[in-house]
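None of the figures in this text is laboratory data; all of them are computed from the coordinates on show. Predicted, not measured: the structure shown is a model, and the values here were computed from it. Ideal geometry is used to build each Cβ from the backbone, glycine not excepted, and the neighbour counts take in all protein chains shown.
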Amino acid sequence: MSFVIIGNSTAAIGAVEGIRRYDKHTPITIISDEPYHTYSRPLISYYLGGKTTEENMLYRSKDFYEKNNVKTMLGVKAESVDFKKKEVILQDGSRIPYSKLLIATGAKPFVPPMEGLGKENIFNFIKFDDVKKIEKVAVKGSKAIVVGASFSGLKAVEALVHRGVKVTVIDIMSRIMPRVLDDTAASIVMETLRDSGVEVLLNTTVEKILGGDRATGVLLKDGSELSCDFIILAIGVRCNTDIVKGTELKTNRGIVVDSRMQTNIPDVYAAGDVAEGYNFIEDKYMEIAIIPNAYKQGETAGANMAGACKVFDKGFIMNSMPLLGLPIISAGVSEQREGISVKTVYKPEKNSYKKFYIKGNNLVGYLLINDVDRAGIYTSFIKDKTDISAFEDSLGSDDFGFVSLPKALRKDKMLKGEVV
Amino acid sequence: MDRIPDSAKRKRVYAREEVCVGCRLCEVYCIAAHSSYKNDLIKAFKRSYIRPVPRIVVEERKPISFGLQCRHCEEPECVKGCITGAMQQDPETGIVTNDEARCIGCWTCILACPYGVIMRDYREKKVAAKCDFCIENGGEPACVKNCPNEALYIGDVRESCDDAEGGPDK
């Protein structure tokens, strides 16, 4: 018996921990094209911004692999999989046999066709190697253009601001973080960006990247030109299914899995950003590219690989992002739709905005800006499909907590698990 | 298939709202226990350069009141969601602690914690602060020890009481 995991990030680590809960001995091999000990991808912006160190980016301790009996093949690219012979084929042609395989290859940057790509100072913003390159050019007083004003683009903006770089961020949509924020919330966040000297250009796209070997600026849709010292593309990500393209493994946008994270091929599992797991709010299988989801999918895959029978069917989008000191937390539904009512609590004097999306007697989504304390209580209502009708009016109040709940529900939550 | 048991009997702090009088001594002693003057209330409050944040939430809407702190869940949402790996669970004791040196204050744990008992601590470097079951003081929580009414008490936890996904076999 041997377990092989392709990938070395959150889902892969979740899988190792999931396997080792049930099986302490069967060898595990991790194959990753990145040459690093497992590190936290979202921390690249904090590294670039000088808020963490390379050492503190490690997602698990230095002795993690040894303690868990994991053999690593780092800096080694898995090229394809021979599902019939049950072998992973590496770039050099050598073959690694597996009894059970987990594909956790994550996501890759999505870059739409654009004239002038391929210049040396155009960067993606996903991997550690990206920021190792960016830190060389992102010097104080330099000028940067960031394309994409969603989570990852804005985290790049924040890091650059901390480095004293003059930043312009461009997005095709009419507001920043369009999938999460509404107009009111976006205006609050815009103010924070402006206070830090960030220029935001909306409703526009890059027609062409200017310059020779090096980008010197961009030409926008409206014909105007902007100069810059470097460009970061943070437009979006796609499931990194390259390794299984054109094989019998079933994929849509990502690898198709069931709620045990099994693919259509026996003994082959997928988890994390590469997989299309079950989103229980949307009631469909889709990619949910966030850390908590990647971990739980990986953990579930690992447990099942080790012979347990575990299901993960509670995935949904949730994000927390402090941007230049302004906390932003969102979970679940974040747009008004048919059958969903909305409640907002806006306190401009506190720069606090709270929005709740309610369907029938259930909370299905929320957004909190600035006052984010105890947000997880709301998350639990979404996950548990709690009947909120008895206390709906108190959602978003300053002192909202377990005290706001009916006694029976409060006691149930507070005393859960006690041996009486 | 059985899960390999990785903890002895787990314990957590529970509250009796019927006898809590809302005195907030739990908060006071929690602050002291997490200061440099663990056993001296007066020094902890008067000499601490920066006063620690309490790691217990006291909720009150008269006549109801109670203290609430980390449940050290068997399937901890904060640990699974942590983007840095700073939030970890001790496999032996089940106690969940945050390595504040590695925490970067992204508040994903606040988004994840179903009890709402992880605090934002902005005193120095911003980090998440939470109940550590007073492990540095011998695992005897100061809030329980100093509650005048036994409104906080330590109870045993059933195995597999958490229904978090990725949890017990289904």
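Take the alpha-carbon centre of the stretch A:336-352, take the same for the stretch A:59-104, and report the distance between them in whole Å.
The stretch A:336-352 and the stretch A:59-104 have Cα centres separated by 47 Å.
For the stretch A:281-318 and the stretch A:125-171, what is the separation of their C-alpha centers, rounded to whole Å?
Comparing the Cα centres of the stretch A:281-318 and the stretch A:125-171, I get a distance of 31 Å.
Can you tell me the FRET efficiency between residue A:172 and residue B:61 if r is taken as the Cβ-Cβ distance and R0 is 30 Å, rounded to the nearest 0.05?
0.05
Label residue A:63 and residue A:221 with points 7 Å out from Cα along Cα→Cβ: what is the distance between them in nm?
5.6 nm
At a threshold of 8 angstrom on Cα-Cα distance, excluding pairs fewer than six apart, so keeping six or more, what relative contact order does chain A reach in percent?
RCO, chain A: 15 percent.
Over the protein assembly as shown, what is the percentage of antiparallel beta bridges among all DSSP beta bridges, to the nearest 5?
Of the beta bridges lying entirely in the protein assembly as shown, close to 65 percent run antiparallel.
List, largest first, the extents of the alpha carbons of the stretch A:122-235 along their principal axes, each in whole Å.
The principal-axis extents, from largest down, are 40, 30, 24 Å.
If the elastic network links every pair of Cα atoms under 10 Å, which of B:26, B:103, B:70 fluctuates the most in the Gaussian network model of chain B?
In this elastic network of chain B, the residue with the biggest mean-square fluctuation among B:26, B:103, B:70 is B:103.
As an exercise, use a Förster radius of 51 Å and the Cβ-Cβ distance of residue B:48 and residue A:111 to find the FRET efficiency, rounded to the nearest 0.05.
Result of the calculation: an efficiency of 0.50.
Restricting to Cα pairs below 8 Å that are 6+ residues apart, what does the relative contact order work out to for the stretch A:122-235? Please round to a whole percent.
Dividing the mean separation by the residue count of the stretch A:122-235 yields 33 percent.
Please give the FRET efficiency for residue A:393 paired with residue A:184, using the beta carbon to beta carbon distance and R0 = 35 Å, rounded to the nearest 0.05.
0.95
Could you work out how far the C-alpha centroid of the stretch A:178-205 sits from that of the stretch B:98-123, in angstrom?
If you average the Cα positions of each part, the centres end up 26 Å apart.
Go through A:296/A:343; B:38/B:145; A:416/B:145 and tell me which ones have a Cα-Cα distance over 24 Å in this structure.
Going by Cα-Cα distance, A:296/A:343 fall outside the 24 Å limit.
Between B:73, B:82, B:23, which gets the highest mean-square fluctuation from a Gaussian network model of chain B, Cα cutoff 10 Å?
Looking only at B:73, B:82, B:23, the biggest GNM fluctuation is shown by B:23.
Whose amide H sits under 5 Å from the amide H of residue A:372, counting only residues 5 or more places off or on another chain, with H placed in the peptide plane?
Result for residue A:372 returns nothing.
Once label points are set 7 Å from the Cα along Cα→Cβ at both residue B:99 and residue A:89, what is their separation, rounded to one decimal in nm?
It works out to 3.9 nm between the two label points.
What per residue convex hull volume, in Å³, do the alpha-carbon atoms of the stretch B:73-130 yield?
Expressed per residue, the convex hull around the Cα atoms of the stretch B:73-130 is 73 Å³.
In the stretch A:301-346, which trypsin sites (Lys or Arg not before Pro) fall in coil by DSSP and have 11 or fewer other Cβ atoms within 10 Å?
Counting only loop positions with at most 11 other Cβ atoms within 10 Å, the trypsin sites (Lys or Arg not before Pro) in the stretch A:301-346 are A:337.
Please compute the modelled spin-label separation between residue B:140 and residue A:133, points set 7 Å along Cα→Cβ, answer in nm with one decimal.
In this crude spin-label approximation the distance works out to 5.9 nm.
Enumerate the calculated ³J(HN,Hα) couplings along the stretch A:56-63 in order (Karplus 6.51 cos²θ - 1.76 cosθ + 1.60, θ = phi - 60°), each rounded to whole Hz, writing x wherever the residue is Gly or Pro.
These are the phi-based 3J(HN,Hα) values: 7, 7, 4, 6, 9, 4, 4, 8 Hz.
Would you work out if chain A is rounded, prolate or oblate? Take a ≥ b ≥ c from the square roots of the eigenvalues of the alpha-carbon gyration tensor; rounded if a/c is under 1.5, else prolate when a/b is larger than b/c, oblate otherwise.
Here chain A falls in the oblate category.
List, in order, the whole-Hz ³J(HN,Hα) value for each residue of the stretch A:83-93 obtained from phi through the Karplus relation with A = 6.51, B = -1.76, C = 1.60 and θ = phi - 60°; use x for Gly and Pro.
3J(HN,Hα) across the stretch A:83-93, in whole Hz: 5, 6, 7, 6, 9, 8, 9, 8, 4, 7, x.
Greater than 23 Å separation of Cα atoms is the criterion. Which listed pairs, A:85/A:310; A:24/A:413; A:77/A:108; A:284/A:314; A:86/A:127; A:51/A:140, meet it?
Pairs exceeding the cut-off: A:85/A:310; A:24/A:413; A:86/A:127.
Taking square-rooted eigenvalues a ≥ b ≥ c of the alpha carbon gyration tensor, is the stretch A:16-146 rounded, prolate or oblate, where a/c under 1.5 means rounded and, failing that, a/b exceeding b/c means prolate?
oblate
Does the stretch A:328-414 come out rounded, prolate or oblate by the C-alpha gyration tensor, with a ≥ b ≥ c the root eigenvalues, rounded set by a/c under 1.5 and, if not, prolate when a/b is larger than b/c and oblate if not?
The shape class here is oblate.
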